[in-house]
């Protein structure tokens, strides 16, 4: 393996000049000399020692991300957006999947801290979080995405969950629906709390305050089971607001098994805007989260903290957009798009 000294000999310069070229400083190098060094780097396939550079620069150029369920398409698409923007900024994103287990979540957090990541993005799992005090003491830039985390100083980047849920419910009302239930995510966690609050405010505002609600996990099976229970127990239901697209796939399956037609008998609007939502039959109407902007904002805020650890925590709430498709009674576009 080629060394810095090998590059210096081939380029006819000193190892320190090679270092200045490879690291873009701290001293400037004449253009002709720089070109000789770069040509030698290419000829020898020289790769700088990343560990040594990290120790010297006190940066690893890595970010850590912990998600509650890597199999959930929403978290997969959000992680992709984060990775794209981290990569564009010169950082590698390391991903840990907690599978909604507090012990595993704590293990990933400690691993990332031990590896000296420059910044940490956390989408907290539901349930107990015994690692909060440890994270609060850690000397690392941190940001909470998609959910709320109390008792730990951290920046937050969120979607407008309450406003989006209210808009989804109002859209169902605009289709003439008057018995609008809710298939919700786990009780007591964000974003469930805000989405249920938005749905409830719209239902109450229309004078329909006795609408039914069931909580379950953010997955297809939970959506299926909740829909079976709601639709079997109350045949007057003519619409459902579903707190995530993945649950909504289960809802559509349950309605089909019960002989309930979507959208003729039951109108649906969900939340998230994952790519798969375009390919249900009919295509799912959904409040689309701005994945790219969430990723861009999270990386920008986190790297600002990396550069200046004294920055006060920030809080960004980004708007969501209704994608009106066939499941609510709007025209169903070919191929489920846009």
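The values are calculated or read from the model by the stated rules, or taken from the named source; none is laboratory data. In this text the structure is predicted, and so the values were computed from the model without any measurement. Methodologically, a virtual Cβ is constructed for each residue, glycine included, from the backbone with ideal geometry; neighbour enumeration extends over all protein chains shown.
Among the candidates 171, 190, which residue alone is closer than 30 Å to residue 309 by Cα and either in the same structural domain as residue 270 (by TED's automatic domain parsing) or assigned to a helix (DSSP H, G or I) (or both)?
One residue alone meets the criteria, 190.
Which count do you get for residues in the stretch 304-323 that are crowded, with 20+ Cβ neighbours inside 10 Å and in contact (Cβ under 8 Å) with a residue 60 or more places away in the chain?
Total satisfying the criteria: 2.
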Contact list, first residue from the stretch 225-253 and touching a residue at least 40 places away in the same chain (Cβ under 8 Å), second anywhere and in a strand (DSSP E or B) and surrounded by fewer than 22 Cβ atoms within 10 Å (Cβ to Cβ), beta-carbon distance below 8 Å, six or more apart or interchain, is 226/214; 226/215; 230/214
Scan the stretch 109-133 residue by residue and report those that are closer than 20 Å to residue 150 by Cβ, in contact with a strand residue (DSSP E or B) (Cβ under 9 Å, 6 or more places away or on another chain) and not in a helix (DSSP H, G or I).
120, 121, 122, 123, 124, 125
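Scan 154, 106 and give me the residue that is touching a strand residue (DSSP E or B) at 6+ places or on another chain (Cβ under 6 Å), assigned by TED's automatic domain parsing to the domain that holds residue 304 and either over 30 Å from residue 206 (Cβ atoms) or crowded, with 22+ Cβ neighbours inside 10 Å (or both).
154
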Qualifying position, being within 22 Å of residue 254 (Cβ to Cβ), within 18 Å of the chain's Cα centre (by Cα) and modelled with pLDDT of 95 or more, among 169, 192
192
With 86, 76 as the choices, which residue is assigned by TED's automatic domain parsing to the domain that holds residue 139 and in contact (Cβ under 8 Å) with a residue 60 or more places away in the chain?
86
Of all helices (runs of 4 or more DSSP H) fully inside the stretch 198-313, the set with 2 or more residues that are outside the structural domain of residue 154 (by TED's automatic domain parsing) and out of contact with any helix residue (DSSP H, G or I) (no Cβ under 8 Å at 6 or more places or on another chain) is 220-233
Just need a number here: residues in the stretch 135-151 that are free of Cβ contacts under 8 Å to residues at least 60 places away in the same chain and either surrounded by 14 or more Cβ atoms within 10 Å (Cβ to Cβ) or in a strand (DSSP E or B) (or both).
7
With the checklist (1) under 24 Å from the mean Cα position of the chain (by Cα); (2) at pLDDT below 95 in hand, flag the one item residue 223 doesn't pass.
(2)
Being closer than 23 Å to residue 213 by Cβ and in contact with a strand residue (DSSP E or B) (Cβ under 9 Å, 6 or more places away or on another chain) is true for just one of 318, 311, 268. Which residue is that?
268
Every listed condition ((1) in contact with a helix residue (DSSP H, G or I) (Cβ under 6 Å, 6 or more places away or on another chain); (2) at pLDDT 95 or above) holds for residue 152 save (2)
Checked against (1) surrounded by fewer than 18 Cβ atoms within 10 Å (Cβ to Cβ); (2) on the phi > 0 side of the Ramachandran plot; (3) under 26 Å from the mean Cα position of the chain (by Cα), residue 259 satisfies every condition except (3)
